[in-house]
Amino acid sequence: LGLLYQEYRDKSTRQEIETRRLQDSQTDPEESSPSEETPSEAEPTSTTETKAPPQISLLRNSNSRFNLWQDLPEIRSSGVLSILQPDEIKLQEAMFELVTSEASYYKSLNLLVSHFMENERLKKILHQSEAHILFSNVLDVMAVSERFLLDLEQRVEENIVISDVCDIVYQHTVNHFSVYITYVSNQTYQERAYKQLLQDKPAFREVISQLELDPKCKGLSFSSFLILPFQRITRLKLLVQNILKKVEEKSDRETTALDAHKELETVVKACNEGVRKMSRTEQMISIQKKLEFKIKSVPIISHSRWLLKQGELQQMNGPKTSRTLRTKKLFREIYLFLFNDLLVICRQIPGDKYQVFDSAPRGLLRVEELEDQGQSLANVFILRLLENADDREASYMLKASSQSEMKRWMISLAPNRRTKFVSFTSRLVDCPQIQCVHPYVAQQPDELSLELADVLNILDKTDDGWIFGERLHDQERGWFPSSMGEEILNPKIRAQNLKECFRVHKSDDSQRRKLGSRNRQ
(Lines give C-alpha, C1' and ligand atoms only; values in the text may rest on other atoms or scores of the structure.)
Protein backbone atom coordinates (compact mmCIF):
# COMPACT_ATOMS: atom_id res chain seq x y z
CA LEU A 1 0.00 0.00 0.00
CA GLY A 2 0.96 3.62 -0.45
CA LEU A 3 0.06 6.13 2.25
CA LEU A 4 -3.08 5.35 4.18
CA TYR A 5 -5.57 8.20 4.27
CA GLN A 6 -4.87 8.97 7.94
CA GLU A 7 -1.16 9.50 7.16
CA TYR A 8 -2.00 11.28 3.93
CA ARG A 9 -4.41 13.73 5.56
CA ASP A 10 -2.01 14.50 8.40
CA LYS A 11 0.86 15.14 5.97
CA SER A 12 -1.31 17.43 3.85
CA THR A 13 -2.65 19.53 6.73
CA ARG A 14 0.80 19.90 8.29
CA GLN A 15 2.13 21.12 4.95
CA GLU A 16 -0.78 23.56 4.80
CA ILE A 17 0.23 24.91 8.22
CA GLU A 18 3.86 25.32 7.14
CA THR A 19 2.80 27.05 3.92
CA ARG A 20 0.71 29.55 5.87
CA ARG A 21 3.56 30.12 8.34
CA LEU A 22 5.86 30.89 5.41
CA GLN A 23 3.33 33.28 3.86
CA ASP A 24 2.73 34.97 7.21
CA SER A 25 6.44 35.70 7.59
CA GLN A 26 6.62 37.36 4.17
CA THR A 27 5.73 40.91 3.23
CA ASP A 28 3.85 39.86 0.10
CA PRO A 29 1.79 36.65 -0.07
CA GLU A 30 2.68 36.29 -3.76
CA GLU A 31 6.38 35.87 -2.94
CA SER A 32 6.03 32.18 -2.19
CA SER A 33 6.53 29.75 -5.03
CA PRO A 34 3.63 27.81 -6.62
CA SER A 35 4.78 24.54 -5.03
CA GLU A 36 4.90 26.23 -1.61
CA GLU A 37 1.48 27.81 -1.97
CA THR A 38 -0.26 24.62 -2.99
CA PRO A 39 -1.00 22.38 0.00
CA SER A 40 -0.27 19.06 -1.68
CA GLU A 41 -2.47 16.21 -0.59
CA ALA A 42 -1.39 14.37 -3.75
CA GLU A 43 -0.24 10.83 -3.09
CA PRO A 44 -0.96 7.65 -5.02
CA THR A 45 0.41 8.04 -8.55
CA SER A 46 2.23 5.84 -10.99
CA THR A 47 5.95 6.47 -11.24
CA THR A 48 6.17 4.75 -14.61
CA GLU A 49 6.12 6.91 -17.75
CA THR A 50 3.53 5.93 -20.34
CA LYS A 51 2.75 6.92 -23.88
CA ALA A 52 0.06 9.49 -24.64
CA PRO A 53 -2.61 9.57 -23.43
CA PRO A 54 -0.90 9.04 -20.06
CA GLN A 55 -2.49 6.42 -17.80
CA ILE A 56 -2.29 7.63 -14.20
CA SER A 57 -3.92 4.58 -12.70
CA LEU A 58 -4.62 5.62 -9.11
CA LEU A 59 -7.04 2.88 -8.11
CA ARG A 60 -5.11 -0.12 -9.38
CA ASN A 61 -1.57 0.99 -8.53
CA SER A 62 -0.37 0.11 -5.03
CA ASN A 63 3.27 1.25 -5.42
CA SER A 64 2.54 4.93 -4.94
CA ARG A 65 4.02 7.96 -3.21
CA PHE A 66 3.10 11.47 -2.09
CA ASN A 67 3.40 13.60 -5.25
CA LEU A 68 2.49 16.89 -6.83
CA TRP A 69 0.79 16.92 -10.23
CA GLN A 70 3.73 18.85 -11.68
CA ASP A 71 6.19 16.21 -10.38
CA LEU A 72 4.64 13.38 -12.40
CA PRO A 73 6.98 12.05 -15.10
CA GLU A 74 4.08 12.26 -17.61
CA ILE A 75 3.65 15.98 -16.88
CA ARG A 76 7.37 16.81 -16.88
CA SER A 77 8.02 15.05 -20.17
CA SER A 78 5.01 16.67 -21.89
CA GLY A 79 6.38 20.23 -21.77
CA VAL A 80 3.00 21.50 -20.56
CA LEU A 81 4.56 23.23 -17.51
CA SER A 82 6.27 25.75 -19.79
CA ILE A 83 2.94 26.61 -21.45
CA LEU A 84 0.52 26.90 -18.50
CA GLN A 85 0.22 30.05 -16.41
CA PRO A 86 1.22 29.73 -12.70
CA ASP A 87 -2.43 30.16 -11.60
CA GLU A 88 -3.52 27.29 -13.84
CA ILE A 89 -0.76 25.06 -12.41
CA LYS A 90 -2.04 25.82 -8.91
CA LEU A 91 -5.55 24.90 -10.03
CA GLN A 92 -4.30 21.65 -11.56
CA GLU A 93 -2.62 20.81 -8.24
CA ALA A 94 -5.85 21.49 -6.32
CA MET A 95 -7.89 19.23 -8.63
CA PHE A 96 -5.22 16.52 -8.63
CA GLU A 97 -5.17 16.63 -4.83
CA LEU A 98 -8.89 15.85 -4.71
CA VAL A 99 -8.45 12.85 -7.01
CA THR A 100 -5.39 11.34 -5.34
CA SER A 101 -6.73 11.88 -1.83
CA GLU A 102 -9.83 9.88 -2.83
CA ALA A 103 -7.52 7.05 -3.94
CA SER A 104 -5.77 7.08 -0.55
CA TYR A 105 -9.14 7.19 1.24
CA TYR A 106 -10.40 4.21 -0.79
CA LYS A 107 -7.30 2.22 0.19
CA SER A 108 -7.95 2.86 3.87
CA LEU A 109 -11.63 1.92 3.51
CA ASN A 110 -10.62 -1.26 1.73
CA LEU A 111 -8.30 -2.11 4.62
CA LEU A 112 -11.09 -1.49 7.15
CA VAL A 113 -13.26 -4.01 5.31
CA SER A 114 -10.74 -6.67 4.29
CA HIS A 115 -8.50 -6.60 7.37
CA PHE A 116 -11.04 -5.93 10.14
CA MET A 117 -14.65 -6.45 9.07
CA GLU A 118 -14.03 -9.67 7.10
CA ASN A 119 -11.59 -11.20 9.59
CA GLU A 120 -12.84 -14.72 10.38
CA ARG A 121 -11.87 -14.62 14.06
CA LEU A 122 -13.67 -11.32 14.54
CA LYS A 123 -16.76 -12.64 12.75
CA LYS A 124 -17.00 -15.53 15.22
CA ILE A 125 -16.72 -13.23 18.24
CA LEU A 126 -19.26 -10.62 17.12
CA HIS A 127 -23.00 -11.14 17.07
CA GLN A 128 -24.60 -10.06 13.79
CA SER A 129 -26.27 -7.04 15.43
CA GLU A 130 -22.96 -5.99 17.05
CA ALA A 131 -21.15 -6.20 13.70
CA HIS A 132 -23.91 -4.15 12.07
CA ILE A 133 -23.63 -1.34 14.64
CA LEU A 134 -19.82 -1.41 14.50
CA PHE A 135 -19.43 -1.34 10.71
CA SER A 136 -22.81 0.10 9.70
CA ASN A 137 -23.11 0.58 5.92
CA VAL A 138 -19.35 0.80 5.28
CA LEU A 139 -19.71 -1.52 2.25
CA ASP A 140 -22.07 1.02 0.66
CA VAL A 141 -19.64 3.84 1.48
CA MET A 142 -16.74 1.92 -0.08
CA ALA A 143 -18.77 1.13 -3.22
CA VAL A 144 -19.63 4.83 -3.58
CA SER A 145 -15.97 5.80 -3.13
CA GLU A 146 -14.87 3.27 -5.77
CA ARG A 147 -17.43 4.51 -8.31
CA PHE A 148 -16.47 8.13 -7.55
CA LEU A 149 -12.74 7.37 -7.88
CA LEU A 150 -13.20 5.54 -11.19
CA ASP A 151 -15.00 8.56 -12.67
CA LEU A 152 -12.32 10.91 -11.35
CA GLU A 153 -9.55 8.69 -12.69
CA GLN A 154 -11.21 8.51 -16.10
CA ARG A 155 -11.26 12.32 -16.22
CA VAL A 156 -7.56 12.51 -15.31
CA GLU A 157 -6.71 10.01 -18.04
CA GLU A 158 -8.62 11.96 -20.72
CA ASN A 159 -5.95 14.65 -20.80
CA ILE A 160 -2.78 15.43 -18.87
CA VAL A 161 -4.29 18.89 -18.18
CA ILE A 162 -7.39 18.19 -16.05
CA SER A 163 -10.44 20.01 -17.42
CA ASP A 164 -12.54 19.91 -14.22
CA VAL A 165 -13.47 17.59 -11.35
CA CYS A 166 -16.21 19.56 -9.57
CA ASP A 167 -18.86 18.47 -12.09
CA ILE A 168 -18.12 14.85 -11.07
CA VAL A 169 -18.18 15.81 -7.38
CA TYR A 170 -21.57 17.48 -7.89
CA GLN A 171 -23.13 14.46 -9.63
CA HIS A 172 -21.90 11.98 -7.04
CA THR A 173 -22.86 14.18 -4.09
CA VAL A 174 -26.41 14.57 -5.38
CA ASN A 175 -26.90 10.95 -6.45
CA HIS A 176 -24.78 8.82 -4.11
CA PHE A 177 -23.36 10.61 -1.04
CA SER A 178 -26.45 10.07 1.12
CA VAL A 179 -24.68 6.87 2.29
CA TYR A 180 -22.39 9.14 4.31
CA ILE A 181 -25.34 10.55 6.26
CA THR A 182 -26.42 7.02 7.19
CA TYR A 183 -22.90 6.04 8.30
CA VAL A 184 -22.10 9.20 10.25
CA SER A 185 -25.52 9.30 11.95
CA ASN A 186 -24.65 5.90 13.43
CA GLN A 187 -21.46 7.31 14.99
CA THR A 188 -22.81 7.68 18.55
CA TYR A 189 -24.07 4.07 18.58
CA GLN A 190 -20.81 2.93 16.96
CA GLU A 191 -18.57 4.57 19.58
CA ARG A 192 -20.69 3.23 22.42
CA ALA A 193 -20.75 -0.30 21.00
CA TYR A 194 -16.97 -0.28 20.47
CA LYS A 195 -16.29 0.79 24.08
CA GLN A 196 -18.75 -1.81 25.38
CA LEU A 197 -17.17 -4.60 23.32
CA LEU A 198 -13.68 -3.70 24.54
CA GLN A 199 -14.97 -3.81 28.10
CA ASP A 200 -17.17 -6.92 27.93
CA LYS A 201 -15.36 -9.19 25.45
CA PRO A 202 -11.67 -9.89 26.16
CA ALA A 203 -11.49 -11.99 22.96
CA PHE A 204 -12.63 -8.99 20.90
CA ARG A 205 -10.06 -6.77 22.58
CA GLU A 206 -7.31 -9.30 21.90
CA VAL A 207 -8.16 -9.76 18.19
CA ILE A 208 -8.42 -6.00 17.57
CA SER A 209 -5.02 -5.45 19.25
CA GLN A 210 -3.43 -8.15 17.08
CA LEU A 211 -4.97 -6.76 13.90
CA GLU A 212 -3.77 -3.24 14.76
CA LEU A 213 -0.20 -4.55 15.10
CA ASP A 214 -0.20 -5.80 11.50
CA PRO A 215 2.27 -3.77 9.34
CA LYS A 216 -0.61 -3.02 6.95
CA CYS A 217 -2.13 -0.71 9.57
CA LYS A 218 1.06 1.39 9.83
CA GLY A 219 0.56 1.72 13.61
CA LEU A 220 -2.93 3.22 13.19
CA SER A 221 -5.79 2.28 15.50
CA PHE A 222 -9.01 0.50 14.53
CA SER A 223 -11.04 3.54 15.65
CA SER A 224 -9.07 5.76 13.22
CA PHE A 225 -10.42 3.58 10.40
CA LEU A 226 -14.00 3.69 11.69
CA ILE A 227 -14.07 7.48 11.64
CA LEU A 228 -12.75 7.75 8.05
CA PRO A 229 -16.08 8.47 6.28
CA PHE A 230 -16.90 11.46 8.50
CA GLN A 231 -13.39 12.87 8.09
CA ARG A 232 -13.52 12.36 4.33
CA ILE A 233 -16.85 14.04 3.61
CA THR A 234 -15.75 17.07 5.65
CA ARG A 235 -12.34 17.18 3.95
CA LEU A 236 -13.91 16.82 0.52
CA LYS A 237 -15.83 20.04 1.07
CA LEU A 238 -12.56 21.81 1.95
CA LEU A 239 -10.85 20.41 -1.16
CA VAL A 240 -13.64 21.82 -3.32
CA GLN A 241 -13.23 25.13 -1.51
CA ASN A 242 -9.54 25.04 -2.38
CA ILE A 243 -10.41 24.56 -6.06
CA LEU A 244 -13.02 27.32 -5.88
CA LYS A 245 -10.40 29.77 -4.60
CA LYS A 246 -8.23 29.08 -7.66
CA VAL A 247 -10.69 28.97 -10.59
CA GLU A 248 -11.18 32.08 -12.68
CA GLU A 249 -14.05 34.27 -11.49
CA LYS A 250 -17.37 34.22 -13.42
CA SER A 251 -16.26 31.13 -15.33
CA ASP A 252 -18.07 27.83 -15.93
CA ARG A 253 -15.61 26.13 -13.60
CA GLU A 254 -16.48 28.58 -10.82
CA THR A 255 -20.20 27.87 -11.28
CA THR A 256 -19.58 24.12 -11.15
CA ALA A 257 -17.39 24.44 -8.05
CA LEU A 258 -20.00 26.58 -6.29
CA ASP A 259 -22.70 24.01 -7.11
CA ALA A 260 -20.55 21.12 -5.85
CA HIS A 261 -19.66 23.01 -2.68
CA LYS A 262 -23.30 23.82 -1.96
CA GLU A 263 -24.35 20.16 -2.27
CA LEU A 264 -21.42 18.96 -0.15
CA GLU A 265 -22.29 21.52 2.53
CA THR A 266 -25.83 20.14 2.62
CA VAL A 267 -24.51 16.59 3.14
CA VAL A 268 -22.00 17.69 5.83
CA LYS A 269 -24.73 19.57 7.72
CA ALA A 270 -27.00 16.52 7.55
CA CYS A 271 -24.14 14.37 8.88
CA ASN A 272 -23.56 16.77 11.78
CA GLU A 273 -27.26 16.88 12.60
CA GLY A 274 -27.45 13.09 12.49
CA VAL A 275 -24.62 12.81 15.03
CA ARG A 276 -26.10 15.44 17.34
CA LYS A 277 -29.70 14.27 17.23
CA MET A 278 -29.38 11.11 19.31
CA SER A 279 -26.95 12.49 21.89
CA ARG A 280 -29.11 15.62 22.32
CA THR A 281 -32.29 13.60 22.86
CA GLU A 282 -30.63 11.42 25.49
CA GLN A 283 -29.16 14.47 27.21
CA MET A 284 -32.54 16.24 27.37
CA ILE A 285 -34.21 13.16 28.89
CA SER A 286 -31.45 12.97 31.52
CA ILE A 287 -31.83 16.68 32.44
CA GLN A 288 -35.64 16.43 32.62
CA LYS A 289 -35.33 13.65 35.23
CA LYS A 290 -33.10 15.83 37.42
CA LEU A 291 -35.35 18.90 37.54
CA GLU A 292 -37.97 19.65 40.22
CA PHE A 293 -40.04 22.77 39.68
CA LYS A 294 -40.71 25.19 42.53
CA ILE A 295 -42.47 27.39 39.96
CA LYS A 296 -44.92 26.45 37.22
CA SER A 297 -43.49 23.46 35.38
CA VAL A 298 -41.91 24.01 31.95
CA PRO A 299 -41.76 21.06 29.50
CA ILE A 300 -38.04 20.55 28.84
CA ILE A 301 -37.98 17.87 26.15
CA SER A 302 -38.59 19.17 22.63
CA HIS A 303 -37.29 18.08 19.20
CA SER A 304 -36.13 21.65 18.54
CA ARG A 305 -34.37 22.19 21.89
CA TRP A 306 -30.83 21.35 22.92
CA LEU A 307 -28.38 22.26 25.69
CA LEU A 308 -25.91 25.10 25.06
CA LYS A 309 -24.29 25.41 28.48
CA GLN A 310 -24.74 24.32 32.08
CA GLY A 311 -22.88 25.04 35.27
CA GLU A 312 -22.63 26.63 38.67
CA LEU A 313 -22.41 30.37 39.34
CA GLN A 314 -22.44 32.43 42.53
CA GLN A 315 -25.52 34.63 43.04
CA MET A 316 -25.22 37.79 45.08
CA ASN A 317 -27.67 37.97 47.99
CA GLY A 318 -29.40 41.08 49.27
CA PRO A 319 -29.89 44.55 47.75
CA LYS A 320 -27.35 46.16 45.45
CA THR A 321 -26.24 48.52 48.22
CA SER A 322 -24.64 45.56 49.98
CA ARG A 323 -22.10 45.22 47.16
CA THR A 324 -19.66 47.16 49.28
CA LEU A 325 -19.48 44.28 51.76
CA ARG A 326 -16.32 42.25 51.30
CA THR A 327 -17.49 38.86 52.55
CA LYS A 328 -18.00 35.42 51.04
CA LYS A 329 -21.47 35.28 52.61
CA LEU A 330 -22.49 37.80 49.97
CA PHE A 331 -22.88 34.94 47.44
CA ARG A 332 -24.71 31.62 47.28
CA GLU A 333 -24.53 28.87 44.65
CA ILE A 334 -27.06 28.59 41.84
CA TYR A 335 -27.06 26.30 38.82
CA LEU A 336 -27.99 27.30 35.26
CA PHE A 337 -29.21 25.16 32.38
CA LEU A 338 -29.10 27.21 29.17
CA PHE A 339 -30.85 25.77 26.12
CA ASN A 340 -31.00 27.26 22.62
CA ASP A 341 -34.40 28.83 23.43
CA LEU A 342 -34.74 28.73 27.24
CA LEU A 343 -32.86 29.51 30.47
CA VAL A 344 -33.66 27.53 33.62
CA ILE A 345 -32.27 28.80 36.97
CA CYS A 346 -31.97 26.25 39.79
CA ARG A 347 -30.48 25.39 43.14
CA GLN A 348 -28.86 22.02 43.61
CA ILE A 349 -30.62 19.80 46.14
CA PRO A 350 -29.71 16.37 47.56
CA GLY A 351 -29.89 13.33 45.30
CA ASP A 352 -28.26 14.94 42.24
CA LYS A 353 -31.45 16.97 41.69
CA TYR A 354 -32.03 20.61 40.83
CA GLN A 355 -34.91 22.77 42.08
CA VAL A 356 -36.04 25.28 39.46
CA PHE A 357 -36.97 28.69 40.87
CA ASP A 358 -36.96 30.85 37.72
CA SER A 359 -36.84 30.66 33.92
CA ALA A 360 -37.03 32.86 30.84
CA PRO A 361 -36.96 32.59 27.03
CA ARG A 362 -33.38 32.99 25.77
CA GLY A 363 -34.43 35.84 23.49
CA LEU A 364 -35.46 37.88 26.56
CA LEU A 365 -32.06 37.76 28.29
CA ARG A 366 -29.65 40.68 28.62
CA VAL A 367 -26.19 40.75 30.21
CA GLU A 368 -23.95 43.54 31.48
CA GLU A 369 -20.37 43.30 32.73
CA LEU A 370 -19.52 45.17 35.94
CA GLU A 371 -16.51 47.44 36.06
CA ASP A 372 -13.64 46.24 38.26
CA GLN A 373 -14.96 46.33 41.83
CA GLY A 374 -12.05 44.65 43.61
CA GLN A 375 -11.20 40.99 44.16
CA SER A 376 -14.47 39.89 45.80
CA LEU A 377 -16.49 41.26 42.88
CA ALA A 378 -14.11 40.20 40.10
CA ASN A 379 -15.72 38.30 37.21
CA VAL A 380 -19.20 39.53 38.18
CA PHE A 381 -21.93 40.32 35.65
CA ILE A 382 -25.61 41.29 35.69
CA LEU A 383 -28.15 38.94 34.08
CA ARG A 384 -31.51 40.53 33.27
CA LEU A 385 -34.62 38.51 32.50
CA LEU A 386 -36.94 40.87 30.63
CA GLU A 387 -39.79 38.47 31.34
CA ASN A 388 -39.31 35.67 33.84
CA ALA A 389 -41.51 32.80 35.04
CA ASP A 390 -43.74 35.32 36.92
CA ASP A 391 -44.13 37.49 33.79
CA ARG A 392 -42.04 40.27 35.28
CA GLU A 393 -38.52 41.65 34.89
CA ALA A 394 -35.85 40.20 37.17
CA SER A 395 -32.12 40.81 37.69
CA TYR A 396 -29.39 38.55 39.03
CA MET A 397 -25.88 39.56 39.96
CA LEU A 398 -23.72 36.53 39.17
CA LYS A 399 -20.07 35.74 39.86
CA ALA A 400 -18.05 33.29 37.72
CA SER A 401 -14.97 31.34 38.77
CA SER A 402 -12.72 33.01 36.17
CA GLN A 403 -12.68 35.70 33.50
CA SER A 404 -13.05 33.13 30.71
CA GLU A 405 -16.02 31.47 32.44
CA MET A 406 -17.70 34.87 32.86
CA LYS A 407 -17.22 35.75 29.18
CA ARG A 408 -18.37 32.31 28.07
CA TRP A 409 -21.58 32.67 30.05
CA MET A 410 -22.20 36.21 28.81
CA ILE A 411 -21.76 35.24 25.14
CA SER A 412 -23.93 32.12 25.54
CA LEU A 413 -26.70 34.00 27.37
CA ALA A 414 -26.76 36.92 24.93
CA PRO A 415 -25.28 35.73 21.60
CA ASN A 416 -26.05 38.99 19.77
CA ARG A 417 -24.02 41.03 22.24
CA ARG A 418 -21.07 42.76 20.59
CA THR A 419 -17.79 40.88 21.07
CA LYS A 420 -14.34 42.44 21.46
CA PHE A 421 -13.61 41.93 17.76
CA VAL A 422 -16.23 42.07 15.01
CA SER A 423 -17.18 38.91 13.08
CA PHE A 424 -15.94 38.54 9.49
CA THR A 425 -19.56 38.28 8.36
CA SER A 426 -19.82 42.04 8.99
CA ARG A 427 -17.34 42.46 6.08
CA LEU A 428 -14.76 44.07 8.36
CA VAL A 429 -11.59 44.86 6.40
CA ASP A 430 -9.33 43.34 9.05
CA CYS A 431 -9.81 41.19 12.14
CA PRO A 432 -7.43 39.08 14.27
CA GLN A 433 -7.04 35.53 12.90
CA ILE A 434 -5.55 32.29 14.17
CA GLN A 435 -4.65 28.99 12.51
CA CYS A 436 -4.96 25.70 14.37
CA VAL A 437 -1.66 23.86 14.88
CA HIS A 438 -2.94 21.31 17.41
CA PRO A 439 -6.28 19.47 17.02
CA TYR A 440 -8.81 20.08 19.81
CA VAL A 441 -11.89 18.11 20.85
CA ALA A 442 -14.64 20.21 22.45
CA GLN A 443 -15.26 19.33 26.10
CA GLN A 444 -18.33 21.55 26.63
CA PRO A 445 -21.31 22.47 24.39
CA ASP A 446 -20.03 26.06 23.96
CA GLU A 447 -16.58 24.90 22.78
CA LEU A 448 -15.46 24.33 19.20
CA SER A 449 -13.59 21.22 18.03
CA LEU A 450 -10.64 22.14 15.81
CA GLU A 451 -8.85 20.32 13.01
CA LEU A 452 -5.27 21.00 11.97
CA ALA A 453 -4.96 24.00 9.61
CA ASP A 454 -8.39 25.45 10.47
CA VAL A 455 -8.36 29.25 10.14
CA LEU A 456 -10.58 31.27 12.47
CA ASN A 457 -11.41 34.88 13.12
CA ILE A 458 -10.86 35.83 16.77
CA LEU A 459 -14.04 37.38 18.13
CA ASP A 460 -12.99 37.55 21.78
CA LYS A 461 -10.18 36.41 24.05
CA THR A 462 -9.53 36.21 27.78
CA ASP A 463 -6.49 36.83 29.95
CA ASP A 464 -6.55 33.23 31.18
CA GLY A 465 -5.94 31.61 27.80
CA TRP A 466 -9.25 31.13 25.95
CA ILE A 467 -10.37 32.38 22.53
CA PHE A 468 -13.88 32.74 21.13
CA GLY A 469 -13.52 32.16 17.40
CA GLU A 470 -15.46 31.82 14.16
CA ARG A 471 -14.10 29.29 11.67
CA LEU A 472 -13.87 30.72 8.17
CA HIS A 473 -14.85 27.66 6.15
CA ASP A 474 -18.19 26.98 7.89
CA GLN A 475 -18.83 29.98 10.23
CA GLU A 476 -19.11 27.68 13.28
CA ARG A 477 -18.39 29.53 16.53
CA GLY A 478 -17.07 28.41 19.89
CA TRP A 479 -14.39 28.62 22.57
CA PHE A 480 -11.02 26.85 22.51
CA PRO A 481 -7.66 27.18 24.35
CA SER A 482 -5.38 29.79 22.78
CA SER A 483 -2.51 27.28 22.97
CA MET A 484 -4.15 25.30 20.13
CA GLY A 485 -3.27 27.92 17.51
CA GLU A 486 -0.88 30.52 16.16
CA GLU A 487 -2.05 34.03 15.40
CA ILE A 488 -1.74 35.17 11.78
CA LEU A 489 0.16 38.44 11.98
CA ASN A 490 0.44 39.45 8.32
CA PRO A 491 -2.55 41.74 7.46
CA LYS A 492 -2.26 40.83 3.76
CA ILE A 493 -2.67 37.13 4.56
CA ARG A 494 -5.66 37.90 6.78
CA ALA A 495 -7.24 39.95 4.01
CA GLN A 496 -6.54 37.17 1.50
CA ASN A 497 -8.18 34.61 3.80
CA LEU A 498 -11.29 36.80 4.12
CA LYS A 499 -11.48 37.43 0.38
CA GLU A 500 -11.30 33.69 -0.34
CA CYS A 501 -13.95 33.03 2.29
CA PHE A 502 -16.36 35.62 0.83
CA ARG A 503 -15.90 34.07 -2.58
CA VAL A 504 -16.61 30.54 -1.37
CA HIS A 505 -19.77 31.63 0.40
CA LYS A 506 -21.04 34.20 -2.08
CA SER A 507 -23.79 31.86 -3.31
CA ASP A 508 -24.95 31.56 0.31
CA ASP A 509 -24.92 35.35 0.62
CA SER A 510 -27.04 35.83 -2.51
CA GLN A 511 -29.49 33.22 -1.20
CA ARG A 512 -29.71 35.05 2.13
CA ARG A 513 -30.35 38.34 0.30
CA LYS A 514 -33.16 36.74 -1.72
CA LEU A 515 -34.73 35.35 1.46
CA GLY A 516 -34.38 38.73 3.17
CA SER A 517 -36.05 40.45 0.23
CA ARG A 518 -38.95 37.96 0.26
CA ASN A 519 -39.36 38.39 4.02
CA ARG A 520 -39.52 42.18 3.69
CA GLN A 521 -42.16 41.84 1.00
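The values are calculated or read from the model by the stated rules, or taken from the named source; none is laboratory data. On a predicted model such as this, the values are computed, not experimentally measured, just so you know. Backbone-built Cβ (ideal geometry, glycine too); neighbour counts: all protein chains shown. Protein only, heavy atoms only, side chains kept; ligands, DNA and RNA dropped before computing areas. Shrake-Rupley method; radii C 1.70, N 1.55, O 1.52, S 1.80 Å.
Summary of values
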| read-out | value |
| --- | --- |
| Amide H contacts of Leu308 (H built 1.01 Å from N, under 5 Å, at least 5 apart or other chain) | Leu338, Phe339, Asn340 |
| Efficiency of FRET between Phe502 and Ser401 - r from beta-carbon atoms, R0 45 angstrom, step 0.05 | 0.70 |
| Length released on extending from Glu333 to Glu120, taking residue separation times 0.36 nm less the Cα-Cα span | 71.0 nm |
| Pairwise FRET efficiency - Phe357 versus Gln199, Cβ, R0 = 51 Å, nearest 0.05 | 0.80 |
| Under-5 Å amide H pairs with Asp358, H placed in peptide plane, nonlocal only | Ile345 |
| Unit charges at the beta carbon, dipole of the stretch 64-286: most positive-side option, Ala257, Ile208, Ile227 | Ile208 |
| Computed over the stretch 64-286, Kirkwood Rh from alpha-carbon pairs, angstrom | 19.3 Å |
| The stretch 102-220: C-alpha gyration tensor shape, a/c 1.5 cut-off, then a/b vs b/c | prolate |
| Solvent-accessible area, 1.4 Å probe, carbon plus sulfur percent, for the stretch 64-286 | 51 percent |
| Peptide ranges 181-194, 438-451, 77-90 listed from the most packed, as the mean C-beta count within 10 angstrom indicates | 181-194, 438-451, 77-90 |
| Restraint check, Lys123/Lys277; Lys90/Lys250; Lys277/Lys309; Lys309/Lys399, Cα-Cα greater than 20 Å | Lys123/Lys277 |
| In order through the stretch 242-250: 3J(HN,Hα) via Karplus (6.51 cos²θ - 1.76 cosθ + 1.60), integer Hz, x for Gly, Pro | 5, 5, 4, 5, 10, 6, 5, 5, 6 |
| Per-selection Rg to Rh, the stretch 294-414 - Cα, Kirkwood hydrodynamic radius | 0.96 |
| Gain on full stretching of the segment that runs from Ser297 to Arg276 - 0.36 nm per residue minus C-alpha separation | 4.9 nm |
| Two-decimal Rg/Rh across the stretch 174-237, once Rg and the Kirkwood Rh are taken from alpha-carbon atoms | 1.05 |
